[in-house]
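Structure record follows, encoded as structure tokens.
The values are calculated or read from the model by the stated rules, or taken from the named source; none is laboratory data. From a predicted model like this one, the values you see are computed outputs, not experimental measurements. Every residue, glycine as well, gets a Cβ built from its backbone with ideal geometry; the counts of neighbours run over all protein chains shown. What goes into the accessible areas is simple: the full protein's heavy atoms, side chains included, and nothing from ligands, DNA or RNA. Shrake-Rupley method; radii C 1.70, N 1.55, O 1.52, S 1.80 Å.
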Amino acid sequence: MYCMQPGVSAITEVPCDTPDALVVVTRLELQQLSPFYLDIESAVAIGGATLLVMAVAFVLRAARKSLEEES
């Protein structure tokens with residue numbers, strides 16, 4: 001993110017604490033400000049965690065069924 005200040009003849013880049021400076025964000029930064037933004041790495045991590053939870057649930061269910069059949 002960077003800040004610009006419109007001048008008389010041109011637009012110049014200035015520090016963001018300058019009064020009357022306009023904050024400029026790129027399209028990628030604007031997407032990342034959304035609460036629904038999900039990059040590839042985060043999606044892979046969520047998918048892996050979901051598969052791990054499903055695998056643990058499957059193993060626990062199989063163990064419960066085998067214990068029920070013994071009694």
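Considering only alpha-carbon pairs that sit under 8 angstrom and 6 or more positions apart, the relative contact order computed for the chain is 20 percent. Per-residue ellipticity at 222 nm from helix content only, as computed over the chain with -39500 (n - 2.57) for each DSSP H run of at least four residues, stands at -17500 deg cm²/dmol. Computed with a 1.4 Å probe over protein heavy atoms only, the accessible surface of the chain comes to 89 Å² per residue. A dipole drawn for the chain from +1 and -1 charges on Cβ atoms has a positive end, and of SER9, VAL56, SER34 the residue lying farthest that way is VAL56. Only the Cβ atoms of Lys and Arg (+1) and of Asp and Glu (-1) were treated as charged; on that basis the dipole of the chain about its Cα centre amounts to roughly 300 debye.
Computed from the alpha carbon positions, the gyration tensor of the chain leads to an equivalent ellipsoid with semi-axes of 58, 9, 7 Å, biggest first. What's the carbon and sulfur percent of the chain's accessible surface, probe 1.4 angstrom, rounded to a whole number? It is 66 percent, rounded to a whole number. Extension gain, ILE46 to GLU29, is 3.9 nm, computed as 0.36 nm per intervening residue step minus the present C-alpha separation.
Close amide H contacts of VAL24 (hydrogens built in the peptide plane, cut-off under 5 Å, sequence separation of 5 or more or a different chain): TYR2, CYS3, MET4.
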